[in-house]
Amino acid sequence: MYDLHAHILPGVDDGAQTEDDTLKMARVAADSGTKVILATPHRRDVTQRSSVDYVRGLLDRMNGKIAELGIDLSLRQGMENHLDLDLPDEVSSGRAIGINGSRYMLVEMPFFGRPNYIEEVMFQLQVMGVTPVLAHPERIEAFQRDVKLLETFVERGMLSQVTAGSITGHFGKRVRRFTHTLLRTGLVHVIASDTHFATGPRSPTLLPGVEEATRVLPAERVQAMVVDTPQAILNDLPVDVPPPQGQARSRRRWQFWRRVG
Ligand SMILES: [Fe+2]
């Protein structure tokens, strides 16, 4: 499996604090079948407390230690980019970075509220050639209140990443129910861990979430969310995802956006 959302680098944000934490998380992930983890420190923390160069060096060092321990897993560089008005400029300056050097970028909408610049900033990113992968839309108030906003974004070629713990109910019954609805209606493309700790409900294992998702969707659809689609994203390849269910009748519009997105 390929995990596209993880706070695994030590001492850069609210995830792993020590190298030991990082190595424990790598071990737990590898033992549960994950081969590649995209390290996605929060952009705000990287900008304010370190730098992109620093986290790249740290990632190389951690990959060396993981290999030394014989753990069958590798880390790739990413970032969890909160969406604000500065994001397009920060992409241009290299302070906001995409997924493993690809066209794809993990973008986190504000948890609360619906600032009026959201659609404009997303549009600017797409014009710049960035394909946003929306971080945990199931936990974002704007989408919880108006699922059509998520449908619109997906129609425009954006992708959606839900967190394994949301599927199993770690973030509450309401989030769990909403996540299952998103799974059923084709508004989920990737399942990731958003891991912060080696153990507990925010551990790197994807398995409980995957298992529960297969009660909602056919196993091959779920498999695509943790293998085929994240692998294509990491390799900067186009992704082949089914259109959202609500858009079945506007297939032509969907195909148009997929081409330009
Ligand atoms: Fe995160």
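What follows draws every value from the coordinates through simple rules; no lab data is involved. Keep in mind it's a predicted model, so treat the numbers as computed, not measured. Here the Cβ is made from the backbone with ideal geometry for all residues, glycine too, and neighbour counts use every protein chain on show.
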Notebook entry, point to check: What 222 nm value per residue comes from the helices of the chain, counting each DSSP H run with n ≥ 4 as -39,500 (n - 2.57) and dividing by all residues, nearest 500 deg cm²/dmol?
Noted result: -12500 deg cm²/dmol
Note to self: Straight-line reach only, C-alpha to C-alpha below 16 angstrom: list the aspartates and glutamates that K173 could link to, leaving out same-chain residues fewer than 8 apart.
What the structure shows: E138, E141, E212
Next item on the list: Would you mind computing, in nm to one decimal, how far apart the modelled labels at T214 and T47 are, each placed 7 Å from Cα along Cα→Cβ?
Entry: 4.1
Next item on the list: Count the net charge of all other residues whose Cβ sits under 13 Å from the Cβ of F112, scoring Lys and Arg as +1 and Asp and Glu as -1.
Entry: +1
Item checked: Candidate lysines for bridging to K24, where Cα separation is under 26 Å - those fewer than 8 sequence places away on the same chain excluded -> K35, K65
Notebook entry, point to check: What number, in percent, do you get for the relative contact order of the chain if the mean sequence gap of Cα pairs under 8 Å and at least 6 apart is divided by its residue count?
Noted result: 20
Next item on the list: Quick one: Debye curve from the alpha-carbon atoms of the chain only, equal weights, vacuum; give me log10 I(q)/I(0) at q = 0.09, 0.11 Å⁻¹ to two decimals.
Entry: -0.36, -0.54
Item checked: chymotrypsin sites (Phe, Trp or Tyr not before Pro) restricted to DSSP loop in region 36-123 with at most 13 other C-beta within 10 Å -> F111, F112, Y117
